[in-house]
Amino acid sequence: MHVSFKYLLLGALALICNSVLAAPSFKIYEVAVPNSKQVAVLEATDTFMKSKKGKSYKGGLHVNTILANGISPATHTFVLLMDSMAAIEEWENSLVGDPDIATFWAALEASSTPVSQYMGSMIKTWGDISNEDRVWQVTRFHSTDPVKLVGAMDTLIAATGDKYPGQTAVHALPIGNRNGANNAFSTHMLVNGFQSVAEMEEWMNYLNTQPAWANFLGSVRSTVTWQGTDLVQNAAIYDGGMDVKAFHGE
């Protein structure tokens with residue numbers, strides 16, 4: 001099968017599956033906020049989420065501070081967690097003309113610069129799904145065989161899971177996934193959650209000594225191109241409509 005046609009077919013099948021079986025989905029807005037205006041952005045978000053319209057939101061909202069993300073100018077992310085992409089679209093359509101969101105948009109426009117936005121859906125999770133995790137490793141990658149990647153994760157967790165303190169999820173990235181020149185794009189995102197940077201660091205030090213980690217990397221080398229890892233930390237969480245455990249089906 002011709003390579004480009006194969007990718008086209010895989011993409012079409014993914015869209016068909018998503019339309020038939022809606023998966024928990026997210027939308028991420030990346031913004032650049034000057035240090036002097038970070039408090040203003042958090043205050044504006046809190047004001048909106050406590051407004052009449054904000055209280056009607058049925059999903060979860062995480063406002064994150066980016067601790068490290070390479071050359072990207074983004075400093076913060078707004079992460080919407082909902083039952084499906086359709087639910088996200090319905091929510092965002094309902095915001096049009098609302099005075100509460102208009103006030104928030106005005107405050108955000110005065111205090112930040114948009115960087116990017118993208119959407120995805122959950123494929124599978126591993127580890128201890130917890131609402132207590134506050135630090136997140138976000139690794140985007142391009143895969144020509146996502147089934148193989150998931151299988152490799154199964155094997156890795158089977159070998160090391162008794163020591164693993166965090167949670168892991170693989171998400172498909174079908175929307176807004178272009179991330180570089182020459183039409184480079186991400187197909188998936190691997191997210192690891194920890195209670196603290198110290199917990200993450202301890203786990204990484206342990207993992208780097210394990211043959212299972214080397215085996216994992218080797219097993220997906222021919223089908224995965226890793227595109228870098230961001231480290232983010234929750235600055236504010238609004239999860240009355242959907243917390244992390246509910247998002248992951250726990």
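The values are calculated or read from the model by the stated rules, or taken from the named source; none is laboratory data. What you are looking at is a predicted structure, and each value in this text was computed from that prediction instead of being measured. Note that we place each Cβ from the backbone using ideal geometry, even for glycine, and neighbour counts take in every protein chain shown. To get the accessible areas, we keep the full protein, side chains included, count just its heavy atoms, and leave off ligands, DNA and RNA. Shrake-Rupley method; radii C 1.70, N 1.55, O 1.52, S 1.80 Å.
Some points to look at:
- Longest exposed-site-free window of the chain, the sites being trypsin sites (Lys or Arg not before Pro) in a DSSP loop that have at most 12 other C-beta atoms within 10 Å: 59-162
- Region 157-250: C-alpha gyration tensor shape, a/c 1.5 cut-off, then a/b vs b/c: oblate
- Dividing the mean sequence gap of close Cα pairs (under 8 Å, 6+ apart) by how many residues the chain holds gives a relative contact order of 29 percent.
- Anchor LYS50: lysines whose Cα lies under 16 Å away (excluding residues fewer than 8 positions away in-chain): LYS58
- Basic side chains Lys and Arg get +1 at the Cβ, acidic Asp and Glu get -1 at the Cβ, and with that the dipole of the chain about its Cα centre reaches some 540 debye.
- Inter-centroid distance (Cα atoms) of region 50-117 relative to region 122-162, Å: 26 Å
- Sulfur and carbon atoms: percent of accessible area, the chain [1.4 Å]: 58 percent
- Once the 1.4 Å probe is applied to the protein heavy atoms, region 50-206 comes out at 48 Å² accessible per residue.
- Against the chain, whose longest principal axis is taken from its Cα atoms, helix 146-160 shows a tilt of about 80°.
- Taking Kirkwood radius over Cα pairs in Å as calculated from this structure, the corresponding entry among [x] 26.1; [y] 21.1; [z] 19.2 is [z].
- With all protein chains modelled, accessible area of SER56 [1.4 Å, Å²]: 50 Å²
- Most mobile listed residue (ASP145, ASP128, ASP230) in the chain, GNM with C-alpha springs under 10 Å: ASP145
- Over the chain: helical MRE at 222 nm, DSSP H runs n ≥ 4 each giving -39500 (n - 2.57), nearest 500: -11500 deg cm²/dmol
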